[in-house]
């Protein structure tokens, strides 16, 4: 199954000088076996008894999407600024892996997303979980805050919404901007949301891929830097003063088919800090900047009952610098792609604010004017 979406201009379409060679779709799904699905909820009229519109959703990322049994994926995490949540990270820190999907939603939807994802895994992997009552499930659920544009306290996310995102997981191009968990998000005072990017690299004369997906809801306007140009300082108009400040968070998910061990993936996750920093954020106090990196290599079956020894492949640390650079480049580009794909949101009689998307033509003009030749 592949995704059929309407393409929107991305950074490279506008001539932004991003480094590196992308995969086929310039998306996290360029990593073989990784699928992405969305459930997007946009209702500009409040539901009965509520005062604000509903603009939220769910993003699901599934490693080994074609497998009928859960496959552990080695992983590492990093918390740059901790004003946020990503479940399962204590076990990733200790055990070095997770099972099943990664789901991203809004701050108050974490509980429902966790509950629904557990039930989805029990059904999807019935041959594993419905035959042994002693197996536990600990999915990775992450969040950013969409309460400026969404009636977050209405707790509108349902089990059916989460399952719809999980059931729609597919390969191919990935929708960006106002979709899935990124539906109601704001980045650098502009409309933010979901963004993705990928890089192909040669490692020891073999081809590999690094792919990134972000849920961008962070930064303040005067920090925004694109292609090395501090464009935010020149785009101060049109946004309420309250949205000029750091009010949100960013989740970064990094996937690769490189055979990396948990300690290496933890180091890879840390590089997302540099990637988001390229666009200007220092990691504001009110931001939850939380990053996850995983590898689809070393695809062993469930570790329970696997015997006393496991044979794994591992790359040489001394050759990882190009992988780090590819990851930094991906994160930088994914954030910009999220903002470029986003569309204006809010401004109705039921909203406190209208959040505008960044204007492509104005951005291009500023880059031509301010970027050194």
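For the stretch 177-186, the set of residues classified as buried (at least 24 other Cβ atoms within 10 Å of the Cβ) and assigned to a loop (DSSP other than H, G, I, E, B) consists of 178, 183, 184, 185, listed by residue number.
Pairs meeting the criteria (first residue in the stretch 15-31 and free of Cβ contacts under 8 Å to residues at least 60 places away in the same chain, second residue assigned to a loop (DSSP other than H, G, I, E, B) and surrounded by fewer than 18 Cβ atoms within 10 Å (Cβ to Cβ), beta carbons under 9 Å, at least 6 apart or on different chains) are 24/172.
If you scan the stretch 147-176, which residues turn out to be assigned to a loop (DSSP other than H, G, I, E, B) and either surrounded by fewer than 17 Cβ atoms within 10 Å (Cβ to Cβ) or touching a helix residue (DSSP H, G or I) at 6+ places or on another chain (Cβ under 9 Å) (or both)? Listed by number, the residues that qualify are 147, 148, 155, 156, 157, 158, 172, 173, 174, 175, 176.
Of all residues in the stretch 126-145, those satisfying the criterion of being outside any loop (DSSP other than H, G, I, E, B), touching a helix residue (DSSP H, G or I) at 6+ places or on another chain (Cβ under 8 Å) and free of Cβ contacts under 8 Å to residues at least 60 places away in the same chain are 129, 141.
Just one of (1) outside any loop (DSSP other than H, G, I, E, B); (2) modelled with pLDDT of 95 or more fails for residue 369. It is (2). Does residue 11 meet the test of being closer than 16 Å to residue 330 by Cβ, part of a loop (DSSP other than H, G, I, E, B) and touching a strand residue (DSSP E or B) at 6+ places or on another chain (Cβ under 7 Å)? No.
Flag set for residue 313, criterion: part of a loop (DSSP other than H, G, I, E, B), within 30 Å of residue 201 (Cα to Cα) and touching a residue at least 40 places away in the same chain (Cβ under 8 Å). Restricting 325, 258 to those that are surrounded by fewer than 20 Cβ atoms within 10 Å (Cβ to Cβ) and under 17 Å from residue 203 (Cβ atoms) reduces the list to 325.
Whether any residue in the stretch 297-314 is in contact with a strand residue (DSSP E or B) (Cβ under 9 Å, 6 or more places away or on another chain), under 24 Å from residue 188 (Cα atoms) and surrounded by fewer than 19 Cβ atoms within 10 Å (Cβ to Cβ) is what I want to check.
Residues of the stretch 297-314 in contact with a strand residue (DSSP E or B) (Cβ under 9 Å, 6 or more places away or on another chain): 297-299, 303, 312.
Retained after the next criterion (residues that are under 24 Å from residue 188 (Cα atoms)): none.
No, the conditions are met nowhere in the stretch 297-314.
Of 323, 331, all but one fail to be touching a residue at least 60 places away in the same chain (Cβ under 8 Å), out of contact with any strand residue (DSSP E or B) (no Cβ under 6 Å at 6 or more places or on another chain), within 20 Å of residue 73 (Cβ to Cβ) and outside any loop (DSSP other than H, G, I, E, B); the exception is 323. Within the option set 275, 280, 284, being out of contact with any strand residue (DSSP E or B) (no Cβ under 8 Å at 6 or more places or on another chain) and either farther than 19 Å from residue 95 by Cβ or in contact (Cβ under 8 Å) with a residue 12 or more places away in the chain (or both) holds for one residue only, 280.
Among the criteria (1) touching a residue at least 60 places away in the same chain (Cβ under 8 Å); (2) under 26 Å from the mean Cα position of the chain (by Cα); (3) under 14 Å from residue 225 (Cα atoms), the one residue 371 does not fulfil is (2). Among the residues that make up the stretch 74-90, is at least one of them out of contact with any strand residue (DSSP E or B) (no Cβ under 7 Å at 6 or more places or on another chain) and either within 21 Å of residue 39 (Cα to Cα) or modelled with pLDDT of 95 or more (or both)? Yes. Taking the condition under 13 Å from residue 104 (Cβ atoms), touching a helix residue (DSSP H, G or I) at 6+ places or on another chain (Cβ under 6 Å) and buried (at least 24 other Cβ atoms within 10 Å of the Cβ), does residue 210 pass? When the stated conditions are applied, residue 210 does not pass them.
Residue-wise test of (1) closer than 23 Å to residue 341 by Cβ; (2) in contact with a helix residue (DSSP H, G or I) (Cβ under 9 Å, 6 or more places away or on another chain); (3) crowded, with 20+ Cβ neighbours inside 10 Å.
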| position | (1), (2), (3) |
| --- | --- |
| 194 | yes, yes, yes |
| 202 | no, yes, no |
| 236 | yes, yes, no |
| 253 | yes, yes, yes |
| 271 | no, yes, yes |
| 283 | no, yes, no |
| 286 | no, no, no |
| 289 | yes, yes, yes |
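Determine, yes or no, whether residue 24 is modelled with pLDDT under 95, out of contact with any strand residue (DSSP E or B) (no Cβ under 7 Å at 6 or more places or on another chain) and either surrounded by fewer than 16 Cβ atoms within 10 Å (Cβ to Cβ) or not in a strand (DSSP E or B) (or both). For residue 24, the condition - modelled with pLDDT under 95, out of contact with any strand residue (DSSP E or B) (no Cβ under 7 Å at 6 or more places or on another chain) and either surrounded by fewer than 16 Cβ atoms within 10 Å (Cβ to Cβ) or not in a strand (DSSP E or B) (or both) - is not met.
Counting only strands (runs of 3 or more DSSP E) that sit wholly inside the stretch 187-301, those with at least 1 residues that are more than 25 Å from residue 149 (Cα to Cα) and modelled with pLDDT under 95 are 193-203, 206-217.
The values are calculated or read from the model by the stated rules, or taken from the named source; none is laboratory data. On a predicted model such as this, the values are computed, not experimentally measured, just so you know. As a convention, Cβ positions derive from the backbone with ideal geometry for all residues, glycine included, and neighbour counts pool all protein chains shown.
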